[in-house]
Amino acid sequence: MQSFIKDIDLLIEAFARLPGIGIKSAQRLAFHILDSKQTEVEVFANALLNAKKNIRYCQICGNLTDSSSCKICLSPKRVKTQIMVLEQAKDVFVVERSNVYNGLYHVLHGAISPLDGVGPDDLSIKSLLARLDNIKEVILATNPTVEGDATAMYLARLINPLGIKVTRIARGVPMGGDIEYVDQNTLEKALEGRLII
Ligand SMILES: [Zn+2]
């Protein structure tokens, strides 16, 4: 449905481009914005712009941060001999929220997927290998998908010869399910049941 008013249609299109938002939801959100107070819309617009402007990837681990290094990398309370490897920065939030892990992270920003043209060089693998001095265990927590498994196997082959323990989290998650949707209990079991690969 077009309103035939350019700025309304552009707003609907912008919402419809967001993940999980269909055209009907996009219309509802757009009309909600138009019905909102000017100050509320400004707070919303500024939140979008400021998050995009101020948030970047941690130069050490690839997690999201508002400074050059993230709080986890800088924290003296974290176990500095363990690195958990994840596909996306949003996965760090999931694991942190579950309170089951106190080591460091490394975010790959994707998984190896030849069909999508994503190879090892497209991921943050070199920076992971550069962090492995003094590391005793690398926990591969990529998603339990074909791509996540392929990435875990690739990393295990690279890291095993270095004499570092490499583990893969157990399959407590449904096949094809993302780390993102895992609850605390499942994540705890998946971590406890991790196996050396
Ligand atoms: Zn970091």
Please give the net charge around residue 114, taking every other residue with its beta carbon less than 12 angstrom from that of residue 114, where Lys and Arg add +1 and Asp and Glu add -1.
-> -3
Per the charge dipole of the range 39-197 (beta-carbon charges, Lys/Arg positive, Asp/Glu negative, Cα centre), the residue among 190, 112, 163 reaching farthest to the positive end is 163
How big is the accessible area of residue 74 in square angstrom, nearest 10, if you roll a 1.4 angstrom probe over the protein chains?
-> 110
State the Cα centre-to-centre distance between the range 128-149 and the range 72-103 in whole Å.
-> 12
Partner lysines for residue 24 [C-alpha distance under 19 Å; skip if fewer than 8 residues away on the same chain] = 6
With T = 20 °C, eta = 1.002 mPa s and Kirkwood Rh from C-alpha pairs, the Stokes-Einstein D of the range 1-122 in µm²/s is about 121
Determine, for each peptide in 163-170, 11-18, 58-65, 85-92, the mean count of other beta carbons within 10 angstrom over its residues, then list the peptides with the highest first.
-> 85-92, 58-65, 163-170, 11-18
Order of 96-108, 22-34 by packing, highest average Cβ count within 10 Å first?
-> 96-108, 22-34
Would you mind classifying the range 79-137 by shape? Square roots of the alpha carbon gyration tensor eigenvalues, ordered a ≥ b ≥ c; an a/c under 1.5 is rounded, otherwise it is prolate if a/b is larger than b/c and oblate if not.
-> oblate
Accessible surface of the range 73-141, 1.4 Å probe, proportion on carbon and sulfur as whole % | 53
Order by accessible surface, 1.4 Å probe, largest leading, for residues 44, 93 comes to 93, 44
Solvent-accessible heavy-atom area per residue, rounded to whole Å², over the range 2-130 at 1.4 Å = 64
For the chain, calculated [θ]222 nm from helices alone, where every DSSP H run of n ≥ 4 adds -39500 (n - 2.57) = -12500 deg cm²/dmol
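For the pairs 52/126; 53/90; 80/165; 52/77, flag any whose C-alpha to C-alpha distance is greater than 21 Å.
52/126; 52/77
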Net charge of neighbours whose Cβ lies under 15 Å from the Cβ of residue 13, counting Lys and Arg as +1 and Asp and Glu as -1 | +2
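The values are calculated or read from the model by the stated rules, or taken from the named source; none is laboratory data. Keep in mind the model is a prediction, meaning the values are calculated, not measured. When we count neighbours, we look across all protein chains shown, and the Cβ atoms used for this are built from the backbone with ideal geometry, even at glycine. In case anyone asks, the SASA skips ligands and DNA or RNA and just uses the protein heavy atoms, side chains included. Shrake-Rupley method; radii C 1.70, N 1.55, O 1.52, S 1.80 Å.
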